[in-house]
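Report on the structure given below.
The values are calculated or read from the model by the stated rules, or taken from the named source; none is laboratory data. Bear in mind that the values here come from a model prediction, so they are computed numbers and not experimental data. Glycine also receives a Cβ, built like all others from the backbone with ideal geometry; neighbour counts cover every protein chain displayed. Each accessible area value is taken on the protein alone, full model and side chains, heavy atoms only, with ligands, DNA and RNA left out. Shrake-Rupley method; radii C 1.70, N 1.55, O 1.52, S 1.80 Å.
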Amino acid sequence: MAQLDGVHRAWMRRNAWQICTLLGMTILSIPTTPFADQSPGTSGLRKRVSVFQQSHYLENYVQALFDVVWGENQSAAGQTLVLGGDGRFYNDVAIQTIIKMAAARGYARVLVGQHGWLSTPATSAVIRRRGASGGIVLSASHNPGGPDGDFGIKYNIANGGSAPERITEAVFARSQEISSYRMADSPDVPINRIGQFRVVDTAVEVIDSVEDHLAVLRACFDFDAMRQLFARGFRMRYDAMSAVGGPCARAILEAELGAPAGTVVNAEPLPDFGGHHPDPNPVHAQELVRHMMSDSAPDLGAASDGDADRNMILGRGFVVSPSDSLAVIAAWAHLLPGYKSGIRGVARSMPTSTAVDRVAKALNVPCFETPTGWKFFGNLLDAGEITLCGEESYGTSSDHVREKDGLWAILCWINLVAVTGKSVEELVRDLWRTHGRCFYSRHDYEGVDSGVANQLMQSLRERLPTLAGQVFAGRSILSADDFAYSDPVDGSTSERQGIRVLMDGARVVFRLSGTGTSGATLRVYLEQFEPEVTRHDMPLQEALAPLAQLAQEVAQIHTLTGRSAPSVIV
Ligand code: VG1
Ligand code: CO
């Protein structure tokens with residue numbers, strides 16, 4: 001060895017894992033056959049736990065992922081992988097498998113969140129702060145967990161954001177031709193305590209699961225102002241839904257900001273989320289909503305989802321629509337330390353209400369409309385085109401990470417209450433008074449037969465050219481299209497992202513969910529703009545009833561699916 005010249009030595013380093021294999025050391029090469037269903041959806045690959053529990057299922061996907069990221073049979077020498085999840089059932093098993101596969105791939109370092117926990121925004125923060133080449137988030141996000149629930153895996157790239165479609169599509173393609181995978185034949189790493197371990201030549205570091213995220217959040221907000229607010233008697237309840245947001249919320253709200261112990265409820269991450277459906281919306285966070293509507297309601301209510309990237313905000317007796325939340329944050333961001341020089345631009349997913357568009361216009365900054373899914377914001381954030389972005393599905397964030405960030409959004413609201421002296425409800429009413437109110441709601445039809453759902457969308461597509469000018473439920477359609485997006489930064493295009501039907505001051509959008517694991521979910525998004533303040537107190541669903549009727553008629557939902565009403569309204 002000592003006689004090897006520099007070139008050979010470099011070759012040896014690059015191909016270290018292959019040499020281990022050749023020498024029959026500790027890397028196993030295991031034959032496998034492809035699974036046809038490893039095509040990722042809106043946000044990673046999500047399946048029932050029982051699907052992931054099949055032999056080789058997870059391994060195939062991880063091997064395909066590494067093959068795409070590093071090239072077939074290429075080593076990840078010198079690279080760092082971040083690894084964590086939302087703590088749901090199977091998280092611990094999957095973490096050990098991936099550590100061994102990363103070691104076989106030759107990663108220099110794997111950074112694992114303690115207990116296997118890293119929320120989605122925390123993963124993004126760790127990747128960015130520690131210069132990792134990417135990260136794996138084990139989560140099915142807002143989908144239920146437990147042995148009968150869902151599991152998921154998602155890859156994030158070096159900017160901390162979800163891998164773009166170009167990568168996820170290549171991973172699927174590779175998964176279809178895979179014939180073996182490699183993993184270290186080594187004992188499990190004790191991930192419950194912080195420390196350094198070695199698996200073959202890979203340094204496995206178990207890190208604190210909230211530290212990096214906390215550091216990033218500290219730079220965004222005025223912690224003194226928030227501390228004083230709590231000291232003055234401000235009270236809130238944060239429902240972590242027994243998911244991974246609990247530890248970070250406790251560390252910030254209770255330990256740093258002085259909120260009374262017990263402010264964070266359901267704070268312990270549990271493998272089955274305590275039986276909760278960890279989706280922070282008025283349907284699945286009913287207990288919190290009831291509390292916020294009661295006489296003993298505190299000033300602010302909040303909740304986050306399985307992987308803590310979503311957020312729901314409530315005032316005392318008042319529900320904030322996520323689209324309005326984004327608009328309020330955009331309007332006041334300059335009062336937050338991390339954004340004091342103002343925002344450069346905003347982006348929202350296409351189905352998200354146009355409330356933020358009006359704020360952007362008033363601020364004279366651009367507003368981008370992207371397809372559903374956080375991955376479409378990454379390029380705009382990297383290019384410095386936008387500072388804030390959000391989705392109607394309870395997702396809001398900024399350029400501090402490349403994921404949506406539940407706790408970030410909640411801290412925005414606390415900080416804004418602290419520095420404006422306004423209540424949650426006043427902040428929203430101010431928005432409505434200044435810019436008009438967007439009555440907004442999403443009607444989901446869950447568990448629809450996939451064939452029927454596709455037929456419904458297809459039929460809408462075929463009728464698109466004829467819709468303009470037609471009258472449904474007493475309203476005349478101005479235009480209708482199938483949303484297509486061309487990324488202004490890299491020019492990539494994404495088509496068939498949802499049917500938009502536009503009326504005067506109103507809009508209905510139809511699309512199929514890409515995160516479900518059984519049947520299809522038809523999402524119908526309803527938006528009615530109302531400039532007149534005297535009409536802002538109209539009950540939400542009443543204000544939207546004519547549009548719901550129009551949606552039924554345009555898409556023939558009842559006729560095709562047999563459903564006369566949505567299964568979930570948020
Ligand atoms: C849903 C939401 C979308 C969100 C995605 C991932 O996707 O509509 O806005 O980005 O979930 O969120 P779909 O395809 O089911 O409509 V998370 O917090 O579940 O990763
Ligand atoms: Co989520």
Original post:
Structure shown: which of Lys340/Lys361; Lys100/Lys404; Lys361/Lys404; Lys100/Lys375; Lys100/Lys154 lie over 21 Å apart, alpha-carbon to alpha-carbon?
Top reply: Lys100/Lys404; Lys361/Lys404; Lys100/Lys375
**OP:** Quote to one decimal, in nm, the extra length available between Glu446 and Ser459 on full extension: 0.36 nm per residue of separation minus the C-alpha distance between them.
**Re:** 2.8 nm
Original post:
Going from most exposed to least, what order do His213, His334 have by accessible area with a 1.4 Å probe?
Top reply: His334, His213
**OP:** Calculate, for Asp185 and Val471, the FRET efficiency according to 1/(1 + (r/R0)^6) with r their C-beta to C-beta distance and R0 60 Å; round to the nearest 0.05.
**Re:** 0.30
Original post:
What number, in nm² with one decimal, is the all-direction average of the projected area of the convex hull of the alpha-carbon atoms of region 252-330?
Top reply: 5.9 nm²
Subject >> Whole-percent pair-distance distribution, where bins are 5 Å wide, for the alpha carbons of region 370-473 >> reply: 2, 9, 11, 13, 16, 15, 12, 11, 7, 3, 0
Original post:
Does anyone have the angle between helix 57-70 and the longest principal axis of the chain? Alpha-carbon axes, 0 to 90°, nearest 10?
Top reply: 80 degrees
**OP:** Would you calculate a helix-derived [θ] at 222 nm for the chain, using -39,500 (n - 2.57) for each DSSP H run of n ≥ 4 and dividing by the full residue count, to the nearest 500?
**Re:** -10000 deg cm²/dmol
Original post:
What is the Cα radius of gyration of region 223-278 over 2.2 N^0.38 Å, N being its residue count?
Top reply: 1.19
Original post:
Per the Cauchy relation, a quarter of the hull surface: what is the mean projected area of the convex hull of the alpha carbons in region 339-419, in nm²?
Top reply: 5.1 nm²
Original post:
Stokes-Einstein D for region 145-285 at 10 °C, 1.306 mPa s, Kirkwood Rh over Cα pairs, in µm²/s?
Top reply: 84 µm²/s
Original post:
What number in nm² do you get for region 497-538 if you take the convex hull of its Cα atoms and divide its surface by four?
Top reply: 4.3 nm²
Subject >> Compactness index (Cα Rg / 2.2 N^0.38 Å), region 426-570 >> reply: 1.11
**OP:** Compute the Rg to Rh ratio over region 295-450 from the alpha carbon atoms, using the Kirkwood formula for Rh, and round to two decimal places.
**Re:** 0.95
Original post:
Distances over 25 Å make up what percent of all Cα-Cα pairs in region 63-192?
Top reply: 19 percent
**OP:** With an 8 Å cut-off on Cα pairs and a minimum separation of 6 or more residues, tell me the relative contact order of the chain in percent.
**Re:** 13 percent
**OP:** On the protein heavy atoms, probe 1.4 angstrom, tell me the percent of accessible surface of the chain carried by carbon and sulfur.
**Re:** 50 percent
Original post:
In square angstrom, what is the accessible area per residue of region 487-547 with a 1.4 angstrom probe?
Top reply: 45 Å²
**OP:** Compute the acute angle (0 to 90°) between the alpha-carbon long axis of helix 424-435 and the principal axis of greatest extent of the alpha-carbon atoms of the chain; round to the nearest 10°.
**Re:** 70 degrees
Original post:
What's log10 of I(q)/I(0) for the chain at q = 0.07, 0.09, 0.12 Å⁻¹, Debye sum over Cα points only, no solvent?
Top reply: -0.41, -0.68, -1.18
